[in-house]
Amino acid sequence: MRILRHRLHAKEGEPASFIRSPNTGGQLDPKYLVIHFTAGRSAEGSVNWLTNPDARASAHLVIGRDGAVTQLVPFDRVAWHAGPSQWDGLVGMNQHSIGIELDNAGRLERKGGKWAAWFGTTYPDEELMVAAHKHETHECGWHLFPPAQLDATLEVCASLVKKYELRDVVGHDDISPGRKCDPGPAFPLESFRSRLFGRSEDHLPQFRTRTALNIRLGPGTEHDRLPQSPLSPGTRLEVLDEDGAWRFATVLDSDEEGAEVQGWVHSKFVERIG
Ligand SMILES: [Zn+2]
């Protein structure tokens, strides 16, 4: 994932799915990520609702159970996801955070011998966990988040943390305790926090270009060169992914103010430096 002009794009440069919500405020300079669950039936239903003016609510992203990501609000605009909230001395977290909604039925209650969502759908035991919320004492059911959804969420969060130099990831239940219970016990918040902000024992390998080197949209010479090509000899790169002899990298020494340059380079022309 890369972020261009405050919109998500796939590595290949294709824009991610974007359905604009009218439910937005002013300029945003994000400092935090806020994770939510939709407590809804489907990602599509949640996108429809959060782009409806009657909802008076929105989020920057909705992530489906299959990992499909839909952006509703550019990352430099306030979305209406947090409501009354505070964290770390800041009040009104809409003004300070990027909101991510995960398609999930939310809290489940025992009804007629089955676990049911507020909208009536029932879920089998293998799709839920039974636990007490950290701010409550009674146990109830919580719809699980599938691995494809968590993987996609972590990938997007990592891109956002890097791009906007975010300080932390929190749950809606952290910033509005008592009023909100999402994302709840089924969401691995501590694991996300340590993977996004933990000590960098897993810091990404760094390389340097040996020669003037083209950087491309895809892994192969058939893919277009980025306008920043060729990179000067000695340019530092951080490698995120690989495909055969090709490496997908972020350019660390970019001349361009603000814009993060990412693309594919051939491994033969780079040397490892860290
Ligand atoms: Zn929420």
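The values are calculated or read from the model by the stated rules, or taken from the named source; none is laboratory data. All of these numbers come straight from a predicted model, not from anything done at the bench. Note that we place each Cβ from the backbone using ideal geometry, even for glycine, and neighbour counts take in every protein chain shown.
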Fill in the blank from the handout: Within the stretch 93-110, the count of residues that are among the hydrophobic types (A, V, I, L, M, F, W, C), touching a Phe, Trp or Tyr at 6+ places or on another chain (Cβ under 7 Å) and within 11 Å of the ligand (Cβ to nearest atom) comes to 2
Completion exercise
Conditions (1) over 28 Å from PRO15 (Cβ atoms); (2) not assigned by TED's automatic domain parsing to the domain that holds VAL239 -> ALA212 fails only (2)
Problem - strands (runs of 3 or more DSSP E) lying entirely in the stretch 1-52 (those with 3 or more residues that are closer than 30 Å to VAL239 by Cα) - result: 2-4, 7-9, 32-37
Handout entry: Filter pass, SER200 being among the polar types (S, T, N, Q), more than 23 Å from VAL270 (Cα to Cα) and at pLDDT below 95
Key = no
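If you take the residues of the stretch 113-157 that are among the charged types (D, E, K, R) and outside the structural domain of PHE75 (by TED's automatic domain parsing), which of them is farthest from the chain's Cα centre (by Cα)?
From the stretch 113-157, those among the charged types (D, E, K, R) are 114, 125-127, 134, 136, 139, 151, 155; that's our starting set.
Remaining after also requiring outside the structural domain of PHE75 (by TED's automatic domain parsing): 114, 125-127, 134, 136, 139.
On the way: LYS114: 32, ASP125: 28, GLU126: 26, GLU127: 23, LYS134: 23, GLU136: 27, GLU139: 29 Å.
Restricting to residues being among the charged types (D, E, K, R) and outside the structural domain of PHE75 (by TED's automatic domain parsing), the top hit is LYS114.
Out of all the residues in the stretch 86-99, which are buried (at least 24 other Cβ atoms within 10 Å of the Cβ) and of a type outside the set (Gly, Ala, Ser)? Don't jump to the end; show me each part of the working.
Just the residues of the stretch 86-99 that are buried (at least 24 other Cβ atoms within 10 Å of the Cβ), to begin with: 93, 97-99.
Passing the criteria: MET93, ILE98.
Looking for whichever is not β-branched (Val, Ile, Thr) and not assigned by TED's automatic domain parsing to the domain that holds GLY40 here; the options are LEU166, LEU196, LEU160, LEU240. Which one fits? Walk me through it before giving the result.
Values: LEU166 fails: not assigned by TED's automatic domain parsing to the domain that holds GLY40; LEU196 fails: not assigned by TED's automatic domain parsing to the domain that holds GLY40; LEU160 fails: not assigned by TED's automatic domain parsing to the domain that holds GLY40.
Of LEU166, LEU196, LEU160, LEU240, the one residue that is not β-branched (Val, Ile, Thr) and not assigned by TED's automatic domain parsing to the domain that holds GLY40 is LEU240.
Answer with yes or no whether TYR123 is of a type in the set (Ser, Thr, Tyr), surrounded by fewer than 18 Cβ atoms within 10 Å (Cβ to Cβ), away from the ligand (no atom under 16 Å from the Cβ) and touching a residue at least 12 places away in the same chain (Cβ under 8 Å). Show your work before the answer.
Working: of a type in the set (Ser, Thr, Tyr): yes; surrounded by fewer than 18 Cβ atoms within 10 Å (Cβ to Cβ): yes; away from the ligand (no atom under 16 Å from the Cβ): yes; touching a residue at least 12 places away in the same chain (Cβ under 8 Å): yes.
Yes.
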Problem - Test result for PRO219, crowded, with 17+ Cβ neighbours inside 10 Å, part of a loop (DSSP other than H, G, I, E, B) and in contact (Cβ under 8 Å) with a residue 12 or more places away in the chain - result: yes
Completion exercise
Picked from the stretch 71-85 (must be surrounded by 18 or more Cβ atoms within 10 Å (Cβ to Cβ) and in a loop (DSSP other than H, G, I, E, B)), the residue farthest from the ligand (Cβ to nearest atom) is PHE75
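Select from the stretch 51-70 the residues that are within 15 Å of the ligand (Cβ to nearest atom) and over 14 Å from PHE145 (Cβ atoms) and list them in ascending order. Explain how you work it out, then say what you get.
Residues of the stretch 51-70 within 15 Å of the ligand (Cβ to nearest atom): 55-63.
Residues satisfying the conditions are ALA55, ARG56, ALA57, SER58, ALA59, HIS60, LEU61.
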Completion exercise
Exactly one of GLY178, GLY184 is within 16 Å of the ligand (Cβ to nearest atom), outside the structural domain of SER267 (by TED's automatic domain parsing) and within 23 Å of ILE63 (Cβ to Cβ), and that one is GLY184
Completion exercise
Filtering the stretch 98-153 down to residues that are over 28 Å from ASN48 (Cα atoms), in a strand (DSSP E or B) and among the β-branched types (Val, Ile, Thr) yields VAL130
Exercise for the section: Could you tell me whether the stretch 27-42 includes any residue that is surrounded by fewer than 19 Cβ atoms within 10 Å (Cβ to Cβ), under 27 Å from ALA131 (Cα atoms) and among the hydroxyl-bearing types (Ser, Thr, Tyr)? Expected result: yes
Exercise for the section: Please work out which one of (1) surrounded by fewer than 17 Cβ atoms within 10 Å (Cβ to Cβ); (2) farther than 28 Å from THR153 by Cβ is the condition GLU242 fails and give its number. Expected result: (2)
Exercise for the section: From (1) outside any strand (DSSP E or B); (2) touching a strand residue (DSSP E or B) at 6+ places or on another chain (Cβ under 6 Å); (3) among the aliphatic types (A, V, I, L, M), pick out the condition that doesn't hold for ALA259. Expected result: (2)
